[in-house]
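The values are calculated or read from the model by the stated rules, or taken from the named source; none is laboratory data. All figures in this text were calculated on a predicted structure; none of them were measured in a lab. Here Cβ is always computed from backbone atoms with ideal geometry, including for glycine, and neighbour counts include all displayed protein chains. Calculation scope for accessible area: heavy atoms of the full protein, side chains included, ligands and nucleic acids excluded. Shrake-Rupley method; radii C 1.70, N 1.55, O 1.52, S 1.80 Å.
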Amino acid sequence: MVYNGPEVGLLPTRGGWLFLGKYGMALQIYIDGKWYPKDEAKVSVFDHGLLYGDGVFEGMRSYGGKVFRMQEHLDRLYDSARAIHLTIPMPPDELAAAVYKTLELNQLTDGYVRLVVTRGVGDLGLNPYLCPQASIIIIADKINLYPAKLYDEGMEIVTASTVRNHPASINPRIKSLNYLGSILAKIEGLQAGCNEALMLNINGEVAECTADNIFLIKQGRIATPHVNAGILDGITRRAVIELAQQAGIPVAETTLTRHDVYVADECFLTGSAAEVIPVIKVDSRPIGNGQVGPITKQLIAAFKALVAK
Ligand code: PXG
């Protein structure tokens with residue numbers, strides 16, 4: 001965060017004044033019930049989130065001081081935790097209050113919130129039952145995932161050779177801290193000069209991108225992989241499906257192959273960080289006429305209106 005004010009500051013909060021210390025507007029990060037300036041926000045090297053990627057997380061956005069679909073994010077977080085047999089040591093309403101408090105302390109009305117629950121501190125073995133207490137971390141900051149230009153002009157993606165997790169391994173519906181598969185695919189994308197990469201499932205069907213869901217449009221109809229393809233049940237994805245249905249555009253959650261991508265008229269991606277972003281080229285093939293299509297534009301506008309409500 002760029003801060004040009006005095007080095008020492010007081011930040012008004014509901015509970016009084018917060019002393020900002022010599023670093024001025026240091027980002028305040030929540031860890032297990034307390035807020036720490038960014039440089040002092042630290043977790044143990046024995047945390048199994050670090051040692052094994054053992055934990056779950058959410059990424060969400062706040063618009064005009066309101067977290068978009070917070071309840072859905074919390075539901076998914078607690079479901080992810082249940083799926084990995086992790087007890088989140090706080091009820092959802094208290095966690096929601098801590099999220100809002102973190103936004104408030106950082107004077108963020110429009111920002112990105114990363115909510116992380118790790119298995120907590122244990123010993124140097126895998127056994128999660130030796131970790132007595134999960135840790136909760138909340139980071140609220142600004143985020144610009146992709147350059148603004150790409151939202152107007154569309155982005156190019158490539159298919160990664162790294163296959164999306166088999167659902168019987170780490171189910172992609174679990175938003176776990178274990179993102180190596182996506183990271184390997186992201187590296188493939190970046191090496192090809194692309195900001196995102198398409199991942200197929202073990203059957204060679206279209207799954208999703210490394211951190212975004214994918215949508216295709218063909219002859220006025222929208223298609224997106226079914227959650228049973230082994231994808232994250234994205235909250236932006238759900239919102240966009242609702243918006244399309246409200247606009248009278250048919251939406252199918254169905255099996256898709258790369259062929260469907262190559263012959264689509266339009267393509268776009270959705271994600272809390274990415275929001276709705278057009279795709280104009282996949283594996284060097286222009287999608288449709290290689291320009292951002294009309295239905296994509298319509299849905300981007302509808303999504304902007306929805307979050308501004
Ligand atoms: N698929 C995957 C694999 C994701 O990680 C989405 C889809 C979109 O879901 P939502 O609920 O956000 O609409 C995600 C999003 C980032 C980032 O920096 C995003 C995610 C995870 C890590 C980083 O964009 N999740």
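Assorted remarks:
- For the pair residue 143 and residue 202, the difference between a 0.36 nm per residue extended length and the Cα-Cα distance amounts to 18.0 nm.
- Bridges between two residues of segment 148-307, per DSSP, are antiparallel at a rate of about 65%.
- Taking each DSSP H run with n ≥ 4 as -39500 (n - 2.57) and averaging over every residue of the chain yields -8000 deg cm²/dmol at 222 nm.
- Around residue 143: net Lys/Arg minus Asp/Glu count, Cβ-Cβ under 12 Å: 0
- Alpha-carbon centroid distance for the pair segment 248-266 / segment 204-241, whole angstrom: 9 Å
- Computed E for residue 180/residue 82 - FRET, C-beta separation, R0 25 angstrom, nearest 0.05: 0.65
- Qualifying chymotrypsin sites (Phe, Trp or Tyr not before Pro) for segment 30-60 [loop in DSSP, other Cβ within 10 Å: at most 13]: 46
- Cα→Cβ-extended label distance, 7 Å offset, between residue 242 and residue 190, nm: 3.4 nm
- Ligands, DNA and RNA left out, the 1.4 Å accessible surface of the chain is 54% carbon and sulfur atoms.
- The residue 94 and residue 263 beta-carbon pair, evaluated with R₀ = 41 Å, returns a calculated FRET efficiency of approximately 0.25.
- Residue-count net charge about residue 241 - beta-carbon cut-off 12 Å; Lys, Arg +1, Asp, Glu -1: -1
- Measuring only protein heavy atoms, the 1.4 Å probe finds residue 145 accessible over about 70 Å².
- Extended-chain gain in nm, criterion 0.36 nm per residue less alpha-carbon gap, residue 308 and residue 123: 62.0 nm
- For the pair residue 71 and residue 153, label points projected 7 Å from Cα toward Cβ lie 4.2 nm apart.
- Each Lys or Arg adds one and each Asp or Glu takes one away; over the other residues whose Cβ falls under 13 Å from the Cβ of residue 218, this sums to -2.
- Charged-residue dipole, Cβ positions (Lys, Arg, Asp, Glu), the chain about Cα centre, Debye nearest 20: 340 debye
- The residue list 150, 235, 190 was ranked by how far each Cα lies along the charge dipole of segment 148-307 toward its positive end, using unit charges on Cβ atoms, and 235 comes out on top.
- Exceeding the 21 Å Cα-Cα cut-off - candidates 149/297; 38/149; 281/309: 38/149; 281/309
- Residue 297 versus residue 36: modelled label distance in nm, points set 7 Å from Cα along the beta carbon direction: 4.9 nm
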